[in-house]
1. Let me confirm something: among B:188, B:202, which residue is within 27 Å of residue A:196 (Cα to Cα) and open to solvent by 60 Å² or more (accessible area, probe 1.4 Å)?
2. Specify the residue that is modelled with the highest pLDDT; the eligible residues are those in the stretch B:104-126 that are surrounded by fewer than 18 Cβ atoms within 10 Å (Cβ to Cβ) and not in a loop (DSSP other than H, G, I, E, B).
3. If I filter the stretch B:127-141 down to residues being within 17 Å of residue B:159 (Cα to Cα) and open to solvent by 30 Å² or more (accessible area, probe 1.4 Å), which single residue comes out as farthest from the other protein chains (Cβ to nearest Cβ)?
4. For the stretch A:151-165, give me each residue that is in contact with a strand residue (DSSP E or B) (Cβ under 8 Å, 6 or more places away or on another chain), open to solvent by 20 Å² or more (accessible area, probe 1.4 Å) and closer than 16 Å to residue A:81 by Cβ.
5. Under the condition of being in a strand (DSSP E or B) and among the small types (Gly, Ala, Ser), which residue from the stretch A:166-202 is farthest from residue A:151 (Cα to Cα)?
6. Could you give me the residue pairs with C-beta distances under 6 Å whose first residue belongs to the stretch B:1-12 and is within 14 Å of chain A (Cβ to nearest Cβ), whose second residue is more than 6 Å from DNA strand C (Cβ to nearest atom) wherever it lies, and which are 6+ apart or on separate chains?
7. Can you report the number of residues in the stretch A:5-37 which are in a helix (DSSP H, G or I) and either surrounded by 15 or more Cβ atoms within 10 Å (Cβ to Cβ) or not aliphatic (A, V, I, L, M) (or both)?
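The values are calculated or read from the model by the stated rules, or taken from the named source; none is laboratory data. Predicted, not measured: the structure shown is a model, and the values here were computed from it. Glycine also receives a Cβ, built like all others from the backbone with ideal geometry; neighbour counts cover every protein chain displayed. The accessibility values were calculated without ligands, DNA or RNA, using every heavy atom of the protein model including side chains. Shrake-Rupley method; radii C 1.70, N 1.55, O 1.52, S 1.80 Å.
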Protein chains: 2
Amino acid sequence: MKTLTAKQQAVLAFVEDFFQQQGYPPTVREVAAHFGIQPRAAADHLSALKRKGYLHREPGRSRGLTLVGRGPEAVVEVPILGQIAAGQPLLATQQVEDTLPLPRSWVRGDEVFLLRVSGDSMAPLILPGDLVMVRVQPRVDRGDIAVVLIYDEATVKRVYEEAGGLVLKGDNPSFTPLRFSPAEAAELVQILGKVVGVYRAL
Amino acid sequence: MKTLTAKQQAVLAFVEDFFQQQGYPPTVREVAAHFGIQPRAAADHLSALKRKGYLHREPGRSRGLTLVGRGPEAVVEVPILGQIAAGQPLLATQQVEDTLPLPRSWVRGDEVFLLRVSGDSMAPLILPGDLVMVRVQPRVDRGDIAVVLIYDEATVKRVYEEAGGLVLKGDNPSFTPLRFSPAEAAELVQILGKVVGVYRAL
DNA sequence: CATAATACTATACAGAAGAATAGTTGTCAA
DNA sequence: TTGACAACTATTCTTCTGTATAGTATTATG
């Protein structure tokens, strides 16, 4: 990115602060008033910032500024699922407990949800209370960690899909692997998605 | 929260979508145009949503809407530190590699930074490549995981501050604990902050 | 049953806001 | 030294925008 002059940096910082505090971008005149200059001068600064790629301007629209990298594309509202019920559409409003704004760079894929883990079968990688990010997909690679719906209960396990059937394994050695014949697996087990991230508060 | 009518829900959903896509809230007229109604009718809906506590309106300001719970207070830009140099102010612009928008609910305390972990001394709880969230504080409780600056290198360790000196311990048993006399500790070791969260992409 | 809230139309107004015109002054690199 | 860029002033124009006035019809709800 091109270098900014001191004044341009100050203007960018003001726009960022304004957005952080107000929830919407400032008008050209608000920028001008803050620096005690005329609207035209402020517009010049904003144009320079646009030209140098630090923000985007929607011509003609009031408050039509978006901060590059901090715009709407930077954050995604990811739903946290409460209980997961079989048969229901996964992201139904009823199942969504809350949403969390996460950086898009963490959200790979477009159908993603969060799940709070309760058991310790995946210890030490995933512990009870952890929040896992799950990308919705019907199949996973051999050995991938996935959220699996067994009959009516969602669990996090490593999945080994083989000719002889399906094996669900926890990393915790005290957890006995679950084995399903192909017929059983087709009837009882449904892979909801792959675990692509873990967040743990300490 | 009070219940919304179907139309009010639709308006709220539109405002949310608009904000997500554009990066700033819609004007009253943009809401009106979307639903094919007059500005006054749209303003009525927005007033109802304000009265019921779903959004905040700044009277007289264009696009003066803020979504409650999704407003500026929901997301915090947390700096990711590249290398940490001793003596320098911790959050100096030079040391900030990038920032990441994280939900405020994850950010406890106001001076917080992120650090990418390189060693495996804290395995299996913290692995190389993990992103740890650190709350800046000069002292931590006995046994807390902290980011510690030893001479000029930042590491993540459990800290045991005792009368006999300071012990820095990794969870990984193959890592030999570091012991410092009180004099050595005062000279060489600086606690930067407590690790309050871990994010791992899988 | 009456009253409040909902959900609108139609028109109008004043101030807000982006942008345009027409300059000035200073800096800095080719 | 010359031209591009930066950083402004001052004024004007038109459109945008929130809000107000004055209604109407429908739907809840106590």
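1. B:202
2. Out of the qualifying residues, it is B:116.
3. If we take residues in the stretch B:127-141 being within 17 Å of residue B:159 (Cα to Cα) and open to solvent by 30 Å² or more (accessible area, probe 1.4 Å), then B:138 is farthest from the other protein chains (Cβ to nearest Cβ).
4. The answer is A:154, A:155.
5. Of everything passing the filter in the stretch A:166-202, A:201 is farthest from residue A:151 (Cα to Cα).
6. Qualifying pairs under 6 Å: B:1/B:53; B:12/B:49; B:12/B:54.
7. Qualifying residue count for the region: 21.
Each row is one residue, and each column tells you yes or no for (1) over 16 Å from residue A:104 (Cα atoms); (2) modelled with pLDDT under 90; (3) within 11 Å of DNA strand C (Cβ to nearest atom).
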{"site": "A:48", "(1), (2), (3)": "yes, no, no"}
{"site": "A:53", "(1), (2), (3)": "yes, yes, no"}
{"site": "A:59", "(1), (2), (3)": "yes, no, yes"}
{"site": "A:63", "(1), (2), (3)": "yes, no, yes"}
{"site": "A:70", "(1), (2), (3)": "no, yes, no"}
{"site": "A:75", "(1), (2), (3)": "no, yes, no"}
